Amino acid sequence: MVQYCQTHFDASFGALSDATRRGVLEQLGRADASISALAENFHMTLTGMKKHVGVLEEAGLVTTEKVGRVRTCKLGVCALQEEAAWIERYRQLWGARFDELDKVVEKLKRKERVDGRKKRK
Amino acid sequence: MDERRESDATPTKNHTTVERRSERELVVTRTVNAPARLVFEAWTKAELFRRWWVPKSYGLTLLSCEMDVRVGGQYRLVFRHEDSTMEFFGTYLEVTPHSRLVWTNEEGDGGMTVTTVTFDENAGKTLLVVHDRYPSKEALDSGSTAAMPEALDQLDELLASLGSSTETK
């Protein structure tokens, strides 16, 4: 399970490291598209786009289906959900830390005000 | 039932953002309502640092916290989690009072993580930017927070109660 997640993360973050592939995901988020349409939109050859889609497919971010002579791409079902959850964990840890930090800093501020008042006397 | 009563006592919390900037980098930002020198103090004095670095809700007990905050100085945190102990340790690479801290984190097997914290004061508030650079993407994927999912599952609930627990002494 851990191993699976690891491999999965490697693949999906690797897939996301490329601007064209991020653009493809964005476009597929709006509507399904054929590989040839994607190639045209991103000004690249069919072969080039096939490679990008292949990487996205391997990462589980995109699925493709061939109907007749056209291969249609759509977003993978659980695309990015795990990644979002992963980031959310960090956010929760740091959110909790910072809330505690706020309390510590509030006490320092209060102490400084009290000390300031003492000094003035 | 008494949600309404708490609201006026709790100041609005500032927003924490987390961004995975690359395969090896994670950037966390947060504003703290205090001048940089106080925030810096909370990051560099062990007796203050230990009060917030490990959120109470994580089920970890901080057994010891030693920090020698100067260039080349070491830190070492020892935790107890259920039946085992964990250690986090490393070296301070840069210490610029009230503005910048850089340290390494060396307990991992796969090389060291470098953390850079900047303190940017503006109108009495301090923007904190915490930048972690991991030795590899694997190290980041399986980072310390990912290693304690069971504690994290309970976090939401506990965070909700955190706001209401008043600990003014």
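The values are calculated or read from the model by the stated rules, or taken from the named source; none is laboratory data. Note that this is a predicted model, so its numbers are computed, not measured. Virtual Cβ from ideal backbone geometry, glycine too; neighbours counted across all protein chains shown.
Say we look at the range B:77-86 and pick out the residues that are under 14 Å from B:Trp53 (Cβ atoms) and surrounded by fewer than 16 Cβ atoms within 10 Å (Cβ to Cβ); which of these is modelled with the highest pLDDT?
Looking at residues that are under 14 Å from B:Trp53 (Cβ atoms) and surrounded by fewer than 16 Cβ atoms within 10 Å (Cβ to Cβ), I get B:Val78.
Within the range B:44-54, track down each residue that is more than 9 Å from every other protein chain (Cβ to nearest Cβ) and part of a helix (DSSP H, G or I).
Listed by number, the residues that qualify are B:Thr44, B:Ala46, B:Glu47.
Please list, ordered by residue number, the helices (runs of 4 or more DSSP H) wholly in the range A:19-121 having 1 or more residues that are within 14 Å of chain B (Cβ to nearest Cβ).
The helices (runs of 4 or more DSSP H) meeting that bar are A:19-30, A:81-120.
Going by what's in this entry, would A:Leu75 be described as touching a Cys at 6+ places or on another chain (Cβ under 7 Å), modelled with pLDDT under 90 and over 30 Å from B:Phe49 (Cα atoms)?
No: the conditions fail for A:Leu75.
For (1) out of contact with any Ser or Thr (no Cβ under 7 Å at 6 or more places or on another chain); (2) farther than 19 Å from B:Asn14 by Cβ; (3) not hydrophobic (A, V, I, L, M, F, W, C), each residue gets a yes or a no:
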{"site": "B:Leu38", "(1), (2), (3)": "yes, no, no"}
{"site": "B:Glu47", "(1), (2), (3)": "yes, yes, yes"}
{"site": "B:Gln74", "(1), (2), (3)": "no, yes, yes"}
{"site": "B:Glu121", "(1), (2), (3)": "yes, no, yes"}
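From the list B:Glu41, B:Glu94, B:Glu121, B:Glu66, exactly one residue is over 19 Å from A:Arg97 (Cα atoms) and either in contact with a helix residue (DSSP H, G or I) (Cβ under 8 Å, 6 or more places away or on another chain) or in a loop (DSSP other than H, G, I, E, B) (or both). Which is it?
B:Glu121
Can you tell me which condition B:Trp43 does not meet? The list is (1) surrounded by 18 or more Cβ atoms within 10 Å (Cβ to Cβ); (2) over 13 Å from the mean Cα position of the chain (by Cα), and all the others hold.
(2)
Restricting the range B:90-113 to residues that are of a type in the set (A, V, I, L, M) and modelled with pLDDT of 95 or more, which is farthest from B:Thr44 (Cα to Cα)?
The residue in question is B:Leu93.
Might you let me know whether the range B:89-112 holds any residue that is loosely packed, with under 15 Cβ neighbours inside 10 Å, touching a residue at least 24 places away in the same chain (Cβ under 8 Å) and more than 26 Å from A:Arg113 (Cβ to Cβ)?
Yes, some residue in the range B:89-112 is loosely packed, with under 15 Cβ neighbours inside 10 Å, touching a residue at least 24 places away in the same chain (Cβ under 8 Å) and more than 26 Å from A:Arg113 (Cβ to Cβ).
So, in the range B:126-139, how many residues would count as being under 25 Å from B:Asn14 (Cβ atoms) and more than 11 Å from chain A (Cβ to nearest Cβ)?
Qualifying residue count for the region: 4.
Which of the residues belonging to the range B:116-132 are over 13 Å from B:Val32 (Cβ atoms) and surrounded by 19 or more Cβ atoms within 10 Å (Cβ to Cβ)?
B:Asp132 - this is the single residue of the range B:116-132 that is over 13 Å from B:Val32 (Cβ atoms) and surrounded by 19 or more Cβ atoms within 10 Å (Cβ to Cβ).
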